[in-house]
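Single-structure report; data block below.
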Amino acid sequence: MRDPLFKPITINRLDIKNRIYLPAMHLGMAVNFQVTDQLAAFYAERARGGVGMICVGYATVDDLSGNTQNIGAHDDAFIPGLARLATAIKANGARSAVQLNHAGRYNFSFFLDGRQPVAPSPVASRMTGETPKELTKEEIRQTIDSFAAAALRVKSAGFDAVEVLSGTGYLISEFLSPLTNQRTDQYGGSLENRMRFGLEVMTAIRDAVGDDYPLIVRMNGNDFMPGGNGRLELQEYARALAAGPADALCINVGWHEARVPQIVTAVPRGVFAYLAKCIHEQVDVPVIASHRINDPATAREMLADGMCDMVAMGRSLIADPWLPEKARQSKEADIIHCIACAQGCFDHLFQLKHVECMCNPRAGHENAMTIKKTSRPKKVMVVGGGPAGMSAAMAAHERGHRVTLFEMADRLGGQLFLAAAPPGRAEFASLAKDLSRQVQAANIPTVFNCRVDESLIREENPDAMILATGATPLSPNIPGCDLPHVVQAWDVLANRVITGRRVVIIGGGAVGVETALFLAEKGTLSAEGVKFLLVNRAEDPETLFEMATRGTRQVTLVEMLDKVGKDIGKSTRWGMMQELSRMGVTTVNRTTVVEICFEGLKVEKDGQQETIPADTVVVAAGASSYNPLQQVVEKLGIAFKVAGDAGQVALAFDAVHQGYRAGMEI
């Protein structure tokens with residue numbers, strides 16, 4: 001039977017070779033709205049990897065709609081750059097589209113040279129903290145015309161289609177939602193009136209580009225905003241779009257302000273496909289499903305089950321541009337999967353950096369990180385099989401060196417397996433397995449259960465070494481740390497110890513938070529159990545919620561600083577803090593640990609001392625670099641590089657990237 005992923009599809013009159021769609025993602029790679037070589041190289045690589053259609057963007061429609069890191073489409077001066085980008089995509093085998101958008105109240109006055117963002121009504125944005133200016137009717141008409149003019153530029157530049165973003169809390173969805181649209185004219189009030197702006201934008205674009213040019217609308221299936229647009233209203237909007245100007249619908253989910261996680265690893269693969277399914281059943285145009293579709297098996301199942309007509313795989317193709325071609329050639333075991341860590345994509349954007357990827361060190365560097373085979377192959381010894389060591393071994397191997405990887409444990413992956421232990425973090429183990437398979441596929445000799453020492457180094461006699469020996473947990477100088485009921489967080493996450501009912505965790509950084517969630521999950525009802533009891537109506541939903549969020553441990557998290565999780569990325573932190581609260585974890589901030597005693601933990605806060613009762617005390621006080629071989633290697637006069645936590649304790653993102661650079665530089 002033919003693989004549904006690779007069955008062609010037609011949108012309007014545009015034939016597309018397969019069902020994989022790369023949706024528009026803000027990459028932070030444009031400069032002053034102009035397409036750069038970096039941006040063109042990024043998309044050219046994904047086109048070569050076999051994706052059916054690529055949508056770039058978003059692109060601006062006027063000077064209030066975005067910022068200088070967005071692709072510009074609001075002036076004819078940007079057409080040459082757009083044309084270069086269209087050519088880069090089409091010449092490498094993929095269909096091309098541009099997404100147009102207006103940020104509305106989600107824009108910052110900082111990006112607008114102090115000018116006030118605009119919106120349907122002057123309702124303050126929780127994301128920006130700013131109150132926008134209400135658009136006049138004349139300004140609404142000008143904005144509609146700007147969308148149409150930008151779409152015509154996209155067509156003139158040679159793109160195969162245009163997409164319009166009508167969701168995520170940006171301008172068009174601000175008109176749709178009663179939360180942000182408080183107008184009393186023909187653009188506010190009833191759903192029919194609130195849909196008017198979006199429908200007029202699409203109609204104006206259709207008039208500008210003609211009947212034969214594909215128009216795709218990316219819209220929400222649910223805003224997940226209390227008091228906002230839910231599924232039913234948005235389905236009515238979808239029917240209106242499909243009956244009129246739209247040739248396809250790409251189903252998005254949530255606003256940036258929504259408190260339902262949408263992009264992080266805790267979100268189950270393909271979970272939001274039900275929103276595409278509901279719309280797919282009601283319209284006669286192709287429907288594209290989105291969000292957390294990170295492997296061909298999930299995508300294939302959604303298509304085969306009739307939930308959608310195409311699948312949007314965005315960060316999946318950042319992590320592995322060649323995912324489509326690997327799937328087509330039945331080499332899915334070679335795919336590097338996106339694990340939704342958000343460390344290099346979303347977190348970088350908050351820092352005004354361009355997109356990178358923890359799983360793929362070349363992402364965002366396609367035109368700079370070309371692999372050049374060495375003319376003088378060396379014997380390279382890589383010590384440590386965590387993410388830094390595996391990445392280093394692969395890079396050195398790709399350079400043409402003779403690499404051997406030495407690992408003290410009986411498997412590769414290192415701390416990635418600890419990161420995978422808390423609920424909703426299992427994808428980190430997927431990265432460990434993916435990298436391990438890459439090492440195996442490259443036939444890199446790997447020696448397990450091996451503690452490298454001076455004698456082994458002398459015996460191996462390498463030309464160069466990469467030291468990626470990782471880190472060890474810190475033990476703070478606190479009286480009572482040697483008591484029998486005191487354990488390390490790493491041992492808890494590795495299931496090497498069993499804790500008592502009352503657990504106090506010292507340290508509210510990332511490891512402390514992850515350990516708290518890991519322990520709070522103990523004794524809760526599983527997802528499978530919830531479904532069984534729900535569909536059999538054995539318990540009411542509120543009871544099931546309680547059983548799914550209250551376990552058998554009473555967990556308290558103690559932190560010296562003013563808040564917990566300060567070292568967790570912005571994209572992930574808010575969800576983890578929400579989960580701590582939901583799971584009943586008690587957090588105690590601005591508190592100093594004085595002593596560990598048999599009864600529990602003596603602490604001091606605001607000059608007052610108290611004892612927090614505990615059956616088990618877990619130490620999550622951070623880690624220190626473990627690099628016992630550097631002095632030995634220096635004494636032997638062997639060229640070496642240090643990568644990952646062995647040099648400085650940091651994120652898994654840093655470990656992978658440092659390892660890759662270390663291997664490339666040999």
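The values are calculated or read from the model by the stated rules, or taken from the named source; none is laboratory data. Note that the structure is predicted; figures quoted are calculated from it, not measured. Note that we place each Cβ from the backbone using ideal geometry, even for glycine, and neighbour counts take in every protein chain shown.
Values for this structure:
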| quantity | calculated |
| --- | --- |
| Filter result for T556 (in a strand (DSSP E or B), assigned by TED's automatic domain parsing to the domain that holds I596 and of a type in the set (V, I, T)) | yes |
| Enumeration of residues in the range 438-477 that are at pLDDT 95 or above and within 30 Å of V555 (Cβ to Cβ) | G470, A471, T472, P473 |
| Failed criterion for L352 (all others in (1) in contact (Cβ under 8 Å) with a residue 40 or more places away in the chain; (2) crowded, with 20+ Cβ neighbours inside 10 Å; (3) more than 20 Å from A432 (Cβ to Cβ) hold) | (2) |
| Any hit, the range 635-651, residues being in contact (Cβ under 8 Å) with a residue 12 or more places away in the chain, crowded, with 20+ Cβ neighbours inside 10 Å, farther than 22 Å from L431 by Cβ and among the aliphatic types (A, V, I, L, M) | no |
| So M394, is it outside the structural domain of P286 (by TED's automatic domain parsing), buried (at least 23 other Cβ atoms within 10 Å of the Cβ) and assigned to a loop (DSSP other than H, G, I, E, B) | no |
| Residue under evaluation A538, criteria (1) more than 28 Å from the chain's Cα centre (by Cα); (2) more than 28 Å from P479 (Cα to Cα); (3) not in a loop (DSSP other than H, G, I, E, B), criterion not met | (3) |
| Filter result for L317 (touching a Leu at 6+ places or on another chain (Cβ under 7 Å), not aromatic (F, W, Y) and not assigned by TED's automatic domain parsing to the domain that holds R573) | yes |
| Residue among G158, G189 that is part of a loop (DSSP other than H, G, I, E, B), assigned by TED's automatic domain parsing to the domain that holds L22 and in contact with a strand residue (DSSP E or B) (Cβ under 9 Å, 6 or more places away or on another chain) | G158 |
| The range 284-299 - residue that is touching a residue at least 40 places away in the same chain (Cβ under 8 Å) and not in a loop (DSSP other than H, G, I, E, B) and, of those, farthest from L431 (Cα to Cα) | I288 |
| Subset of the range 457-493 [without any contact (Cβ under 8 Å) to a residue 12 or more places away in the chain and of a type outside the set (D, E)] | N477, P484 |
| Answer from F545, F518 - the residue that is in a helix (DSSP H, G or I) and out of contact with any helix residue (DSSP H, G or I) (no Cβ under 8 Å at 6 or more places or on another chain) | F545 |
| Enumeration of residues in the range 27-45 that are surrounded by 24 or more Cβ atoms within 10 Å (Cβ to Cβ) and within 21 Å of the chain's Cα centre (by Cα) | L27, A30, L39, F42, Y43 |
| Residue selected from the range 600-616 under the condition exposed (fewer than 11 other Cβ atoms within 10 Å of the Cβ) and of a type outside the set (D, E), by the criterion nearest to T586 (Cα to Cα) | Q608 |
| S121 vs. criteria more than 29 Å from the chain's Cα centre (by Cα), surrounded by 17 or more Cβ atoms within 10 Å (Cβ to Cβ) and in a loop (DSSP other than H, G, I, E, B) | yes |
| Candidates R105, R115, R153 - the one that is touching a residue at least 40 places away in the same chain (Cβ under 8 Å) and under 25 Å from G254 (Cβ atoms) | R105 |
| Hits in the range 256-274 (condition: in contact with a helix residue (DSSP H, G or I) (Cβ under 7 Å, 6 or more places away or on another chain) and either part of a helix (DSSP H, G or I) or on the phi < 0 side of the Ramachandran plot (or both)) | H256, R259, P261, I263, V264, T265, A266, R269, A273 |
| Count - residues of the range 62-81 that are assigned to a strand (DSSP E or B) and among the small types (G, A, S) | 1 |
| Matching option when the condition is surrounded by fewer than 17 Cβ atoms within 10 Å (Cβ to Cβ) and among the hydrophobic types (A, V, I, L, M, F, W, C), among F159, F78, F110, F147 | F110 |
| Pair list, Cβ < 8 Å and 6+ apart or interchain, from the range 532-546 residues that are within 17 Å of M583 (Cα to Cα) and loosely packed, with under 13 Cβ neighbours inside 10 Å to residues that are modelled with pLDDT of 95 or more and aliphatic (A, V, I, L, M) | P541/L534 |
| Selected residue [over 27 Å from the mean Cα position of the chain (by Cα), exposed (fewer than 15 other Cβ atoms within 10 Å of the Cβ) and among the hydroxyl-bearing types (S, T, Y)] from T404, T370, T374 | T374 |
| Answer residue from the range 11-26, given it is under 18 Å from G72 (Cα atoms) and surrounded by fewer than 23 Cβ atoms within 10 Å (Cβ to Cβ) and is modelled with the highest pLDDT among those | M25 |
| Single residue of T586, T572, T616 found to be without any contact (Cβ under 8 Å) to a residue 60 or more places away in the chain and either among the hydroxyl-bearing types (S, T, Y) or outside the structural domain of G507 (by TED's automatic domain parsing) (or both) | T586 |
| Any strands (runs of 3 or more DSSP E) falling wholly within the range 595-666 and containing at least 1 residues that are within 13 Å of M465 (Cα to Cα) and not hydrophobic (A, V, I, L, M, F, W, C) | 639-642 |
| Which listed residue, of I288, I205, I263, is in contact with a Phe, Trp or Tyr (Cβ under 7 Å, 6 or more places away or on another chain) and surrounded by fewer than 22 Cβ atoms within 10 Å (Cβ to Cβ) | I263 |
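So that you can scan it fast, the table gives a plain yes or no per residue for (1) more than 23 Å from N252 (Cβ to Cβ); (2) modelled with pLDDT of 95 or more; (3) among the hydrophobic types (A, V, I, L, M, F, W, C):
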residue	(1), (2), (3)
P120	no, yes, no
V123	no, yes, yes
E138	yes, yes, no
T168	no, yes, no
F175	no, yes, yes
E192	no, yes, no
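The rows are residues; the columns are (1) in the same structural domain as A441 (by TED's automatic domain parsing); (2) at pLDDT 95 or above; (3) assigned to a strand (DSSP E or B).
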{"site": "Q282", "(1), (2), (3)": "no, yes, no"}
{"site": "E301", "(1), (2), (3)": "no, yes, no"}
{"site": "M307", "(1), (2), (3)": "no, yes, no"}
{"site": "V311", "(1), (2), (3)": "no, yes, yes"}
{"site": "P321", "(1), (2), (3)": "no, yes, no"}
{"site": "G344", "(1), (2), (3)": "no, no, no"}
{"site": "L349", "(1), (2), (3)": "no, no, no"}
